[in-house]
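For reference, the structure discussed in these notes is given below.
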Amino acid sequence: MTKEDCYELGRITRVHGLKGELQLLFEVDDPFEYEELDSVLIEQKGQLIPFFVEQLNIQPNRIIAKFEEVDSIDKAQTLVGSKLWLTLDNLPDLDKGQFYYHDVVGYQVVDKTLGPLGTVREFASFSHQDILVMDYQGKEVLIPVINEMIGEADHDQQLLHVSLPEGLLDIYLSESSKDDGDEEEEHA
């Protein structure tokens with residue numbers, strides 16, 4: 001199993017108790033959708049290793065898991081900090097127009113005012129914000145993933161509809177002309 005066939009579910013944050021239980025963090029909209037989880041892939045030294053879930057307790061503020069064959073604090077400690085992965089077929093179904101990030105990479109970005117702009121290159125996650133990375137007129141443009149800017153996806157046409165605030169694209173275009181001017185001053 002490769003990471004391209006999977007998505008990152010979350011990570012193991014700490015040991016819980018003395019019998020191998022672990023506290024998990026699911027980086028998903030609704031952790032309760034995963035209550036029936038019977039296995040996960042845990043990343044160890046770059047490899048995805050399957051672990052079977054013996055017990056899973058999802059609460060609003062924490063998730064406690066017990067995996068088969070992890071029966072001591074020492075075994076559990078070796079997994080702390082590891083990323084959790086699931087195969088793509090475990091993703092919950094979405095409503096029409098909704099999308100998962102990996103679904104829209106390569107889609108044409110279309111602004112409601114400016115029309116076609118560029119293509120989705122990737123998504124980047126920062127501590128408080130996800131960012132859509134798009135190529136536009138040879139420049140990298142970063143668009144915050146917020147409901148006011150990112151609209152629906154048209155999967156048939158491979159389009160991602162956006163509503164960018166006035167001037168956002170100008171920031172990226174004017175940065176390059178400013179940089180070019182700075183270089184000219186340095187060479188004078």
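The values are calculated or read from the model by the stated rules, or taken from the named source; none is laboratory data. Just so you know, these numbers come straight off a predicted model, no measurement behind them. Neighbour counts run over all protein chains shown; Cβ positions are idealised from the backbone, glycine included.
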Quick one: is Leu9 modelled with pLDDT of 90 or more, surrounded by 13 or more Cβ atoms within 10 Å (Cβ to Cβ) and in contact with a Leu (Cβ under 6 Å, 6 or more places away or on another chain)?
-> yes
Output the number of residues of the range 6-59 satisfying the condition of being hydroxyl-bearing (Ser, Thr, Tyr) and under 10 Å from Lys83 (Cα atoms).
-> 1
Kindly indicate which of Leu114, Leu94, Leu164 is modelled with pLDDT of 90 or more, of a type outside the set (D, E, K, R) and either under 25 Å from Leu9 (Cα atoms) or in contact with an Asp or Glu (Cβ under 7 Å, 6 or more places away or on another chain) (or both).
-> Leu164
Condition met for Ile150 (in the same structural domain as Glu43 (by TED's automatic domain parsing) and surrounded by 14 or more Cβ atoms within 10 Å (Cβ to Cβ)) | no
